[in-house]
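Structure, as structure tokens:
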Amino acid sequence: MRAKIISYLPEHQADFKRINEAWISKYFKMEIEDFKALDHPQEKILKPGGAILLAELEGKIVGTCALIKMEEEGIYELAKMGVDESARGHGLGYMLGQATIEKAREMGAKRLYLETNSVLTPAITLYHKLGFKDVEGFPTPYARCDVQMILDL
């Protein structure tokens, strides 16, 4: 099973939404900011200077991860990271995370920031494995956010 990481194209919007809506809805409820990013990734993520990477396995999109440019120069949010349940357990999250960090470096990022929830233990373990450190005190638009992390690049 050989996955590859590809850049987002407009025809991937349905997969981007499907994968993220699945995990968000399983543990939480979709929020306004989720719908904005998932329904309009071109306007909300790409046009302001972000990027979206996808994991493709056997011709199917099975994972997503976005970089959202934040107001402070050189800081990006790692967001909308998810792997389809059918493709979990093969290291795709780590592969996608590493590729996203590399993409952030290419884009000139100095720091990555992310928000998650303490019930998502596998995700938190993955973020720590990727080098993220716990922080707190940043404002968030998400009711579900109770864990914040940064990675200095």
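Looking for something surrounded by fewer than 16 Cβ atoms within 10 Å (Cβ to Cβ) and at pLDDT below 95 - is there at least one such residue anywhere in the stretch 46-59? The answer is yes, given that some residue of the stretch 46-59 is surrounded by fewer than 16 Cβ atoms within 10 Å (Cβ to Cβ) and at pLDDT below 95.
Can S118 be described as polar (S, T, N, Q), assigned to a helix (DSSP H, G or I) and at negative phi? Here the answer is no, as S118 does not meet what is asked.
Return yes or no: is Y27 more than 14 Å from the chain's Cα centre (by Cα), among the hydroxyl-bearing types (S, T, Y) and closer than 20 Å to L126 by Cβ?
So Y27 passes the test.
Among residues of the stretch 26-40 that are among the basic types (K, R), those with a beta-carbon under 9 Å from a residue that is assigned to a loop (DSSP other than H, G, I, E, B) and loosely packed, with under 14 Cβ neighbours inside 10 Å at least six positions away or on a different chain give the pairs K29/A143.
Selection within the stretch 15-45: residues that are more than 26 Å from R111 (Cα to Cα) and among the small types (G, A, S). The member of this set that is surrounded by the most Cβ atoms within 10 Å (Cβ to Cβ) is A22.
Output the number of the condition that G93 fails; it satisfies all remaining conditions of (1) surrounded by 21 or more Cβ atoms within 10 Å (Cβ to Cβ); (2) modelled with pLDDT under 95; (3) over 13 Å from the mean Cα position of the chain (by Cα). The one condition G93 does not meet is (3).
Kindly indicate whether any position in the stretch 44-58 is touching a Pro at 6+ places or on another chain (Cβ under 6 Å), part of a strand (DSSP E or B) and charged (D, E, K, R). No.
The values are calculated or read from the model by the stated rules, or taken from the named source; none is laboratory data. Keep in mind that what you see is a predicted model, and the values were worked out from it rather than measured. Glycine also receives a Cβ, built like all others from the backbone with ideal geometry; neighbour counts cover every protein chain displayed.
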